[in-house]
Amino acid sequence: KYKGLECANGKIGCSICKEVSTFKTPLKIEISKEWALCQIDGGMSENQKTRLSILRNKLKKHYSSAAHESACLILNEKKSNNLPKLLEENINDVNKSTCNIFRTAYYLAKYNRPFDDHFKLIELQMLNGVKLGCTLHSRYSSTYIIQHISKKMKEKLIENNAKCSILIDESTTVSALCGMVIYLKVSISNKDPIFIFLDLVELKNQTAENIVEQLLECLHSSGLNENYLKQHWISFVSDGASVLLGKKNGVAKRLNDKYPLIFSWHCMNHRLELAVNDSLKDIVATNHFKLFLDSLYVLYNASPKNQTELKNICSELEVVFLKIGRVLSVRWVASSWRAVNAVWKILSALCNHFSIASNDLSRDSKTKSKYLGLYNKLASPEFLKDLAIMCDVLYELANLSTELQSQSITLMEADRCIKRCIRVINSFKTHDGEHMAQAVIAIDEMEFKNIKLIYNKKLICINKNQFLTSIENNLMSRLLENESENKMILESISVLDKSTWPDEVDIRFGEDKIKYLCNRFLLDQNEAINGMKKLIDDPTNSPEKLMPTFYNFLKTFPCSTAECERGFSAMNNICTDIRSRLTICNTSNLMFININGPPINIWNPDTYVKSWLVKHRFADDTRSKHCKPMSNEDLQKKKSMADSII
């Protein structure tokens, strides 16, 4: 009844009058200091009823007074933020010149152009007859415009109440600054969840405590308040570094203590790399194979002459020239597949090059011996078998890695892909893969792609079955979840996978798993359980239509931080060697528009211009300082040169 009533030290006051007391009120209306300072009492009477009666009378008079009503109106007007809204509404004809300026600045961010190009592009457009006013032409203006666009875009994207997952990764910029990229996976307007680049944060230090502090500060400044995070933050994904996923004091543990809904997850692609590295440690012969291919990489990438000679031989043999890369290095496994596949395809050209170089009289004896040794290794049945098994295995692992990097893949689909890959690798023990089958035929004939094979007993060969068993075991231990809670969540998530259903499905099948997920992540049980019953009753129905909220929730869990790696690729395209002085803040703004912004042909600058004009000047404002053109001396030099050319 009495909104704003407050009490202190046995006296009452009005919080509304207190807040408005510092504002300017209408003429002849003055806010009571006693009510503002909470100094109203019930008098000196010893009778409690008398004091309460006096207080009620004072309350009634105050809340019906013109001063209090005026204070309420002023406070409502302040909260409604009418002045900026009125200003925006009054600008019916949006400044065309300012819109053109905004499109130019947006172009710079979208296509990784330097800020200096802003003035040059404006000069070009003005020469073509486009009206661009007389201000907002400098690179400083373009910096502020891009910052404004990025901020407003972020506000629009964050406005929803769906469950979200947060992904982070760390890297170093060209300018040697340590940055943390933050991505959000969330469903917008009940559509399929998408990845949103949120921010790039410069880390003060790389301790778990500081990472948590800066991450939460970034989330809060982006509009994700504490209440939203506690009710909607369901997953945290990282690359698995000990500072991030440490069980006692890692970032994930600290976040989980504060936000109990969080399901911490180790990136599947990084797990895959760890599984491959474990197999390299288990099987010593794979290291010999790796060192040999690395020597080929150094031979051709360190010498343009050798690369040119190999290109010419490929041309003579009508073989497509492919560059040889590093194998099983820090890069993801797909790059290793490309490297061994390149060696497989140009093996005949490599052997020809080594044979010619070993007999070249212009080379010294040491170099000729080196090429002869390379030829003897390359043209041996032992190396061919090793290359074949590596091609078959790395092809399957590269496909798995690519599938896990997909933006649309879910944990349920990822689990199926991993188990399928393990079964395929296990099948290589009894049925040779495509490359191994070709190698077996070639060894029987002792000839491969017109190259005579010669046994080389010095080579340490890879034991096929031992290598396959090691890969299979390490994939199972690294990629298939063993922790009790994570395993329970994954099993519950797979309830919609019809391939796991029994032959005769009970109408209440999966109800306990759905209830577990709903209780664990604060979801509506009724929609999910009823949708599951309808799906069991008619499996042809789509779960997306029967239980949209629950289905989007399941798709919100990311299985990989590949999106963060794409973010770092975008960062490297923006912050290059010649733009190394870009601050982290400006880089983040450019990345936000570059990654999240729509194409320039469908982007509408009107709303951004309206909000800009509330606090900034427009392009035709004559009061602003003009951007300095080229100096007269330089201009005269250019003109004299132009006259001679014309």
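The values are calculated or read from the model by the stated rules, or taken from the named source; none is laboratory data. Quick caveat, the model's predicted, so the values are computed rather than measured. Here the Cβ positions follow ideal geometry from the backbone for every residue, glycine too, while neighbour counts run over all protein chains shown.
Scanning for something in contact with a Cys (Cβ under 7 Å, 6 or more places away or on another chain), at pLDDT 80 or above and either under 16 Å from Leu75 (Cβ atoms) or among the β-branched types (Val, Ile, Thr) (or both), does region 41-51 turn up at least one residue? Before you say what the answer is, go through the steps one by one.
Here is the first cut: in region 41-51, the ones in contact with a Cys (Cβ under 7 Å, 6 or more places away or on another chain) are none.
Among the residues of region 41-51, not one is in contact with a Cys (Cβ under 7 Å, 6 or more places away or on another chain), at pLDDT 80 or above and either under 16 Å from Leu75 (Cβ atoms) or among the β-branched types (Val, Ile, Thr) (or both), which makes the answer no.
Consider Val440 against the criteria (1) outside the structural domain of Arg520 (by TED's automatic domain parsing); (2) surrounded by fewer than 17 Cβ atoms within 10 Å (Cβ to Cβ); (3) farther than 26 Å from Val276 by Cβ: it satisfies all of them except one. Which criterion is unmet?
All conditions are met except number (3).
Residues that are part of a helix (DSSP H, G or I) and outside the structural domain of His353 (by TED's automatic domain parsing): does region 234-242 have at least one?
Kept after step one, since they are part of a helix (DSSP H, G or I), are these residues of region 234-242: 242.
So of that shortlist, the ones also outside the structural domain of His353 (by TED's automatic domain parsing) come out as 242.
Yes, because at least one residue in region 234-242 is part of a helix (DSSP H, G or I) and outside the structural domain of His353 (by TED's automatic domain parsing).
Based on this model, can you work out whether Asn227 counts as assigned by TED's automatic domain parsing to the domain that holds Ser406 and either among the basic types (Lys, Arg) or free of Cβ contacts under 8 Å to residues at least 12 places away in the same chain (or both)? Step through it out loud before you land on a result.
Details: assigned by TED's automatic domain parsing to the domain that holds Ser406: no; either among the basic types (Lys, Arg) or free of Cβ contacts under 8 Å to residues at least 12 places away in the same chain (or both): yes.
Answer is no for this residue.
All but one of (1) surrounded by 13 or more Cβ atoms within 10 Å (Cβ to Cβ); (2) assigned by TED's automatic domain parsing to the domain that holds His232; (3) at pLDDT 90 or above hold for Ala619, so report the exception by its number.
Of everything listed in (1) surrounded by 13 or more Cβ atoms within 10 Å (Cβ to Cβ); (2) assigned by TED's automatic domain parsing to the domain that holds His232; (3) at pLDDT 90 or above, Ala619 misses just condition (3).
Search region 531-547 for residues that are farther than 11 Å from Gly510 by Cβ and surrounded by fewer than 15 Cβ atoms within 10 Å (Cβ to Cβ) and pair each with any residue that is basic (Lys, Arg) and at pLDDT below 85 when their beta-carbon atoms are under 7 Å apart and the residues are at least 6 apart or on different chains.
Pro539/Lys498
Identify, from the list Asn277, Asn256, the residue that is more than 20 Å from Leu475 (Cα to Cα), surrounded by fewer than 17 Cβ atoms within 10 Å (Cβ to Cβ) and either not hydrophobic (A, V, I, L, M, F, W, C) or not assigned by TED's automatic domain parsing to the domain that holds Ser336 (or both). Full working, then the answer.
Numbers: Asn277 fails: more than 20 Å from Leu475 (Cα to Cα).
Among Asn277, Asn256, only Asn256 is more than 20 Å from Leu475 (Cα to Cα), surrounded by fewer than 17 Cβ atoms within 10 Å (Cβ to Cβ) and either not hydrophobic (A, V, I, L, M, F, W, C) or not assigned by TED's automatic domain parsing to the domain that holds Ser336 (or both).
Quick check on region 395-437: of everything there that is among the small types (Gly, Ala, Ser) and in a helix (DSSP H, G or I), which residue is surrounded by the most Cβ atoms within 10 Å (Cβ to Cβ)?
So, considering only residues that are among the small types (Gly, Ala, Ser) and in a helix (DSSP H, G or I), the one surrounded by the most Cβ atoms within 10 Å (Cβ to Cβ) is Ser401.
In this structure, is Arg420 under 17 Å from Ser279 (Cβ atoms), out of contact with any Phe, Trp or Tyr (no Cβ under 7 Å at 6 or more places or on another chain) and of a type in the set (Lys, Arg)?
On the way: under 17 Å from Ser279 (Cβ atoms): no; out of contact with any Phe, Trp or Tyr (no Cβ under 7 Å at 6 or more places or on another chain): yes; of a type in the set (Lys, Arg): yes.
Considered against the rule, which asks whether it is under 17 Å from Ser279 (Cβ atoms), out of contact with any Phe, Trp or Tyr (no Cβ under 7 Å at 6 or more places or on another chain) and of a type in the set (Lys, Arg), Arg420 comes out as no.
Would it be correct to say that Arg581 is more than 23 Å from Ser401 (Cβ to Cβ) and out of contact with any Asp or Glu (no Cβ under 7 Å at 6 or more places or on another chain)?
Values: more than 23 Å from Ser401 (Cβ to Cβ): yes; out of contact with any Asp or Glu (no Cβ under 7 Å at 6 or more places or on another chain): yes.
Considered against the rule, which asks whether it is more than 23 Å from Ser401 (Cβ to Cβ) and out of contact with any Asp or Glu (no Cβ under 7 Å at 6 or more places or on another chain), Arg581 comes out as yes.
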